[in-house]
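Okay, so here's the structure we're looking at.
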Amino acid sequence: MEALGVRLAFGPVASATALAFVLGGIALGTLSGLTPGLHVNNLALLLASVAPAVPGPPRFVGAAMLAAGVVHSFLDAVPALALGVPDAAMAATALPGHRLVIAGRGREAVRLSALGSGLAVAFAVPLAVPVTRGMTVAYPVVRAHLPVVLGVVVAVLLLTERSLRAVSGGVAAFAGSATLGYATLDLAPAAPLDAGGMLTPLFAGLFGAPVLLEALSGSGVPEQDDATVAVSRRSVTVTALAGSVAGAVVGYLPGVSAAVAAVLALALVPDSTEARGFVVATSGVNTANTIFALFALAALGTPRTGVMVALREANAPVDLPLLLATAGVAGIAGFLLVLGVGDRYLRAVGTLDQFRLSTSVLVLLAGVSWLFVGWVGVAVFAVATLVGLVPAQFGARRDHLMGVLLGPLMVGA
């Protein structure tokens, strides 16, 4: 292994230093994951901006960034489950996780999310090597035909809708979000914090604000039942494996989100319970993406996530043994944190006034948009919110709103 330039062991001091940086990253990932509206990409770019001032070897700073990204991918499911829960009468158009919360199965959803993410780490590490080798060969072909590949993804999303009305809503959502993305993604307005980008107001408006608006008249998080997982271990394992494989799609194929990849993954697991399967698959995709993106950076030199971009901007070396160990430690920490915090988060949100809570988070999202993109960001956030309301009006999935990235990539590739 020495001939390959891989160092497999640290001395006691170096190991303690590395662990301290990883624990710091875990703390930051916990804070960001539980904060509504703070995307992991914003966290990564903030870390990259302060990385030069952090004392310590760049590879340890990189390990802290990766740890933050992995833990964030576990914990961001918690506010997604607890916030924006609509009235029970709207359960049919609610997000899959919210449907479980409305039915009193939020504690189960927390555990399903933790299992999806935890199993994804376990599956992604051994899968990453053969997948990376395959993608090293296939990527030039995929890149040369990217509009066609992405067009197939869009077609599959539309064809898997349950009604013609939903398909129409999906087309409208895709067209509206694609137009918005094409018009705004290249803007770079002045902002108080130089660590954002147009994705902040776009994603907050398309995916966050509509859910909160729909929840203004809701009764919030109802009393939750026990935490028993109502699906078999085999179903959870197979769905998490499908999510891990789909995570490779997100890791190597630009513009494809975790939710989009989860839809593709569930198509491979037809016996999976829809809402529960979606929670497991989405969590698995989200976390596996971090592992696959790391290998994509090492093999292809292409950063596919904000964390990988931050690693490159911070001049942190891609030390795979260190970073894989970091991902393992952060994965264990993320799993335990979701289980420890999730139930308390649901209970705390359940005691709050839903209208005030949703309004406060909407103001927070607008404020984050202003911090990262200035007043232009607030305007984009408002327009994106209007576009984000379209899918629910037609009973369509919100995944079609990823046209905000897919559309411009299909046109510009």
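The values are calculated or read from the model by the stated rules, or taken from the named source; none is laboratory data. Keep in mind that this is a model prediction, so the values were computed, not measured. Every residue, glycine as well, gets a Cβ built from its backbone with ideal geometry; the counts of neighbours run over all protein chains shown. Heads up: the accessible areas ignore ligands, DNA and RNA and are worked out on the full protein's heavy atoms, side chains in. Shrake-Rupley method; radii C 1.70, N 1.55, O 1.52, S 1.80 Å.
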Take each complete run of DSSP H in the chain, measure how far its Cα atoms stretch along the helix's own axis, and keep only those covering 27 Å or more with mean Kyte-Doolittle hydropathy at least -1.0; list them. 12-33, 106-144, 164-184, 233-252, 274-300, 320-350, 354-388
Assigning unit charges at the beta carbon (Lys, Arg +1; Asp, Glu -1) and nothing else, what dipole magnitude in debye, to the nearest 20, does segment 128-270 show about its Cα centre? 600 debye
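Rounding to the nearest 20 debye, state how big the charge dipole of the chain is about its Cα centre with +1 on each Lys and Arg Cβ and -1 on each Asp and Glu Cβ.
My answer is approximately 440 debye.
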For the pair Leu164 and Ala16, how long in nm is the line joining their label points, each one 7 Å along Cα→Cβ? 7.2 nm
Result for segment 123-212: accessible area per residue, probe 1.4 angstrom, in square angstrom, of 50 Å²
Percent of all alpha-carbon pairs of segment 59-191 at distances over 19 Å, whole number, is 74 percent
Viscosity 0.890 mPa s, temperature 25 °C: give me the Stokes-Einstein translational D for segment 122-281 in µm²/s, with Rh taken as the Kirkwood radius over C-alpha pairs. 131 µm²/s
Starting from the Cα-Cα distance between Asp226 and Thr179, subtract it from 0.36 nm times their residue separation and give me the gain in nm to one decimal. 12.5 nm
For the chain, the percent of accessible surface on carbon and sulfur atoms (probe 1.4 angstrom, ligands and nucleic acids excluded) is 69 percent
Percent of all Cα-Cα pairs per 10 Å bin for segment 336-403, counting from 0 up to the last occupied bin, reads 17, 29, 39, 16
